[in-house]
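Here's the structure, in structure tokens; my notes come after.
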Amino acid sequence: MKTRRLHLKLLATAAAMSLAGLAAPALAQGAKVKVGLMLPYTGTFAALGTAIENGFRLHIAEQGGKLGGREIEFVKVDDESDPAKATDNVNKLVKRDNVDVLVGTVHSGVAMAMARVAKESGTLLIVPNAGAGAVTGAMCSANIFRSSFSNWQPGYAMGEVVAKKGHKKVVTITWKYAAGDESVAGFKEAFSKSGGQIVKELSLPFPNVEFQALLTEIASIKPDAVYTFFAGGGAVKFVKDYAAAGLKKNIPLYGAGFLTDGTLEAQGADADGLLTTLHYADGLNTPKDNAFRLAYVKAYKLQPDVYAVQGYDAAQMLGIGLNAVKGDLTKKAAFAEALRKAKIDSPRGPFTLGKNHDPVQDFYLRQVGAKENKSIGIASKSLADPGRGCKM
Ligand code: BEZ
């Protein structure tokens, strides 16, 4: 409310000064930019939310605490990765706290509620993880941007890899919600193009981790390979259970890279050798990534992961937009135009945004070894989400 009152006061002052023939003050440049950070800080995705916030704050700190000449303030909400609470949570940020920008979240179901509110209210939204296809598909909007990926992208990249390896019959296993379904759909699209067949699609409700019955089923089907989407705490348990069930040595396991990102300490040797596809990898050894990793370790005493990169790039994107409009967020068209033209200098490697505002980026094929996701090549170059249903 206070921000809105200040904004109205500035507008009135600007109008009065312009009537009097005086130069108007730099509207909205005095006030801080209010960022509503809606992320999971509890539950299976808690570590992912923290890494995103860390990355976001790191970029702002590197810019001296300001983007586009304006200081940044935060209002934080723990969304608990709970879609049932998502609409209330995001409405509080928009209507009660009057945030200028929404940044969130990790879980696709929660992100879809955020996108709905952002689209209706016109509030700027930057999604720093959740890959829900609808966010940059049917619900796409001039004020909605993603710094991460669509669920389809890493799945599609891995479908090509598994087909090239010569596997013919694959079982998929994931959580039954948008991210799992869309990751499997992307995999299936690429894999079946080369004649591969999905012999069984297994799933369990999010965030359930009782994998035993499904692992027994995989053992009895004996497919050539398994493709999976799990992340966070669920990914740690799945990788450990897959090995403990004796499947790892007989049936190769492939995944969207979330399976082994930010999880390797906890997974230990059970993750060794796993192949995954993702838009980030360890040991890229580029000047940008080296500087980012050094700064991140110095600031947080933790190794960064893909979530930290996506948070960092969400802040970079906000900075690019704010610089273009000199801090004036009322200039929405110019803000969006700047991002559509931008080449974002990410630790993952430079990327641009597609027409639907999803990153067009390289997907690395990574292999786990010595507690790292080492890039062993590019699985899919400049892969763009198809943006199905997006009309902008
Ligand atoms: C998702 O819900 O979109 C998601 C969650 C964790 C990692 C990747 C995607």
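At a glance:
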read-out	value
Peptides ranked, highest mean first, by Cβ atoms within 10 Å: ranges 43-51, 124-132	124-132, 43-51
Per-peptide average of other Cβ atoms within 10 Å, ordering 344-352, 191-199 highest first	344-352, 191-199
Charge dipole magnitude, Cβ of K and R +1, D and E -1 - the stretch 288-392, Cα centre, debye nearest 20	80
Packing-based order for 229-240, 360-371, 282-293, 161-172, using average beta carbon neighbours within 10 Å, highest first	229-240, 360-371, 161-172, 282-293
Neighbourhood net charge (15 Å Cβ-Cβ; Lys/Arg +1, Asp/Glu -1) for T105	-1
The chain - share of DSSP beta bridges that are antiparallel (%, nearest 5)	35
Whole-percent carbon and sulfur share, accessible surface of the chain, 1.4 Å	55
Two-decimal Rg/Rh across the chain, once Rg and the Kirkwood Rh are taken from alpha-carbon atoms	1.01
Candidate aspartates and glutamates for bridging to K288, where Cα separation is under 19 Å - those fewer than 8 sequence places away on the same chain excluded	E62, D305, D313, D345, D362, E372
Projected-area average for the stretch 152-278 over all orientations - Cα convex hull basis, square nanometres	6.5
Mean ellipticity per residue at 222 nm, deg cm²/dmol - from DSSP H runs of n ≥ 4 across the chain, formula -39500 (n - 2.57)	-12500 deg cm²/dmol
Extension reserve of the K301-K249 stretch, reckoned as 0.36 nm per residue once the Cα distance is removed	15.2 nm
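The values are calculated or read from the model by the stated rules, or taken from the named source; none is laboratory data. Here the structure is a predicted model, which is why all the values come from computation and not from measurement. So basically every Cβ, Gly included, is an ideal-geometry build from the backbone, and we count neighbours across all protein chains shown. Protein only, heavy atoms only, side chains kept; ligands, DNA and RNA dropped before computing areas. Shrake-Rupley method; radii C 1.70, N 1.55, O 1.52, S 1.80 Å.
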